[in-house]
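S.K.: Right, I'll just put the structure down here and ask away after.
Every read-out reported here was derived from the displayed coordinates using simple, explicitly stated rules and does not represent laboratory data. Keep in mind that this is a model prediction, so the values were computed, not measured. Cβ placement follows ideal geometry from the backbone for every residue including glycine, while neighbour counts extend to all protein chains displayed.
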Amino acid sequence: MNRGPFGPSEQTPSWQEPVRGFYTDPGQFVTLSGLDLLRSMLAGGLGPPIRYLFGLELTSVEPGGVTFTMPVTDWLLFPQGVVSGATLGILVDAPPRLREPDWPSPHPYERPVAGEVLAQQIWDDTDGLGVLQSLIAGDLPTPPIVHFCRIAPVAAEAGTTTWKMPASEWLCAPVQGRLYGGAIAMLAGTAIDGAVQTTLPAGTAFGPVDQARPSSCRAGQSP
């Protein structure tokens, strides 16, 4: 069992690797209509860092609508063994994309998963606040989502939680230096989920609803 504080896995954490991805020329936002810009990106094939981290793909563009896909990998699992509704903010706020180079390794979402989800017996025997406090103390295994993007709780009390996540360049799209709105939504939504979890007795599950809003960042800082 992989117990201990939220430390790095044996492989280099993705948020510490040299970022891969491509940015849209800001001038194109002025010279092209939104529809033409999206069509050019669909035809081009390249994408910003957030695409290579999560596997986001722009698959169709038409007036009034676009379609994105994202693989549901085990990297996205929280301690409960589920993909949080907050993580879906990544897909909802999906960025467009720009010929693909030969990368030196698989993209982060394609790699073998590190970490583990908590056994059902833990949830049956421990209330939500106790689970979070044990995770923070390092008494329980770290889930895959922590190893993937370092989102982790740092404090938990009844009705409130505090979380952190590195604002690495992997979370930028489609303009360099602009943090992807879906990443903000995932962090904020996870904190909300955690606050609700602290109020629940053992053996209780719940489902959240989330919102997203863009923000700016600098690499290495938490939003």
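S.K.: Once both labels are modelled 7 Å past Cα along the beta-carbon direction, what's the Asp139-Ala205 spacing in nm?
M.R.: The answer from the label model is 2.5 nm.
S.K.: Rg over Rh of the range 26-216, using C-alpha atoms and the Kirkwood radius, what does it come to?
M.R.: Using only Cα positions, Rg/Rh for the range 26-216 is 1.02.
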